[in-house]
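**Q** This is the structure, below, for whatever I ask next.
Bear in mind that the values in this text are calculations on the coordinates, not laboratory data. Computed from a predicted structure; not experimentally measured. Cβ atoms come from the backbone with ideal geometry, glycine included; neighbour counts cover every protein chain shown.
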Amino acid sequence: MDFSNVERIAYLGPQGSFSEMAADVFCGKYEICAYPEPQKTIRQVIEYVDENPNTLGVIPLENSIEGSVREALDHLMITKNTNIRILSQTIMPIRHCLLSRTTEFYSITGVISHPQALAQCQNFIHDEMPRNLNLIEAPSTAEAARSLANYNLTYAAIGSEKTAEIYNLNILKENINDDQNNQTRFALIGDFETEETGHDKTSLIFATENRPGALLEILHIFYENDINLSYISSRPSKIKFGDYNFIVNFDGHMKNPKTLNTLKQVKEKTTFMRFFGSYEK
């Protein structure tokens, strides 16, 4: 992929977020020289890329513990520019630390962080923190760290070692996430085309008629064409209660004739279909 004309790259900020760390990985891999544009929400990242040509975005798609990041999928599905798609992915280990302006761990009475970070550290919070701990949600782990300046010294944030370095915070406890294999899949998005590598996967969202066997018919198409489905999940359609959209990942690239033929058959069985991208595994 040629990203030589990319002017800006948006990510879930502020400085020091895991999304910025993922953006650094993509910039290094594809030699991207673009001005960073940290955004306050995942929605704003997607909207920035949707509204500005020659831009890229970095968003979290899936966590190994919490599953799909709903905000990312919901807003990626409704971009005005239907060519906005997933171009690449990187999987990053998520190692959370308890950060504070104080050095006294046992003085902490409140913790601030992104909801997923709080969820990923439930055991630590339950077993090692006070029972009456005040939990405060923030748009990102980096924003949580930055907001500590607005609280007294008894408050801490959950974030990375890089976050501690940037915001000059003390690390009270390291690796506090419940699952030491905690990983997040980040996606690079934009209005660009990817090339087939022979080791690709495609992401797609679709809806079917609400009748018995409708989903099974589509899954059978993938089976008949010998295409491996590696992931499937459902999201409420937000149009009618009880109706769902289905998100699938499967092996293959959109430029492969076998994939194209399969999706042509799938489209005939759907009431809605949106291509999310073909990219290297």
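**Q** Could you sort the peptides 118-126, 68-76 by per-residue average Cβ neighbour count (10 Å cutoff), highest mean leading?
**A** In descending order of packing, they fall as 68-76, 118-126.
**Q** Once amide H atoms are placed 1.01 Å from N in the peptide plane, what residues at a sequence separation of 5 or more from residue 183, or on another chain, have their amide H within under 5 Å of its amide H?
**A** Under 5 Å from the amide H of residue 183: 64, 65, 94.
**Q** Which of the following values of semi-axes √(5λ) of the Cα gyration tensor in Å was calculated from the structure shown: [x] 29, 22, 18; [y] 30, 25, 15; [z] 37, 22, 16?
**A** [z]
**Q** If amide hydrogens are placed 1.01 Å from N in the peptide plane, which non-local residues have theirs closer than 5 Å to the one on residue 111?
**A** The answer is 134, 135, 136, 156.
**Q** Give the shape of segment 97-173 as rounded, prolate or oblate, defined through the alpha-carbon gyration tensor: a ≥ b ≥ c are the square roots of its eigenvalues, a/c under 1.5 means rounded, and otherwise the shape is prolate if a/b is larger than b/c and oblate if not.
**A** rounded
**Q** I've got another one for you. For a quick size check, give me the Cα extents of segment 202-275 along its three principal axes, largest first, whole Å.
**A** Over segment 202-275, Cα extents along the principal axes are 36, 20, 18 Å.
**Q** Give a residue-ordered list of calculated ³J(HN,Hα) values for segment 193-203 (Karplus: 6.51 cos²θ - 1.76 cosθ + 1.60, θ = phi - 60°; whole Hz; x for Gly, Pro).
**A** Using θ = phi - 60°, the values come out as 9, 9, 9, 5, 10, x, 9, 10, 9, 10, 10 Hz.
**Q** Let me ask you something else. Could you list the trypsin sites (Lys or Arg not before Pro) in segment 92-133 that lie in coil according to DSSP, counting only those with at most 10 other Cβ atoms within 10 Å of their Cβ?
**A** Those that pass, being in a loop and sparsely packed, are 131.
**Q** Taking the DSSP beta bridges in segment 97-173 as the whole, what percent of them are antiparallel, to the nearest 5?
**A** 50
**Q** In a shell of Cβ-Cβ distance under 12 Å around residue 10, excluding residue 10 itself, what net charge do Lys and Arg (+1) and Asp and Glu (-1) give?
**A** In short, -3.
**Q** Whole-Hz Karplus ³J(HN,Hα) for segment 265-275, in order, using 6.51 cos²θ - 1.76 cosθ + 1.60 and θ = phi - 60°, x for Gly and Pro?
**A** 5, 5, 4, 5, 9, 10, 9, 7, 8, 9, 7
**Q** Still on this structure: Greater than 24 Å separation of Cα atoms is the criterion. Which listed pairs, 201/267; 29/267; 29/281; 240/267, meet it?
**A** Beyond 24 Å: 29/267.
**Q** Could you state the number of Å between the C-alpha centres of segment 27-41 and segment 227-263?
**A** 29
**Q** Note down the relative contact order for segment 202-275 as a percent, whole number, built from C-alpha pairs under 8 angstrom at least six residues apart.
**A** Relative contact order for segment 202-275 comes out at 47 percent.
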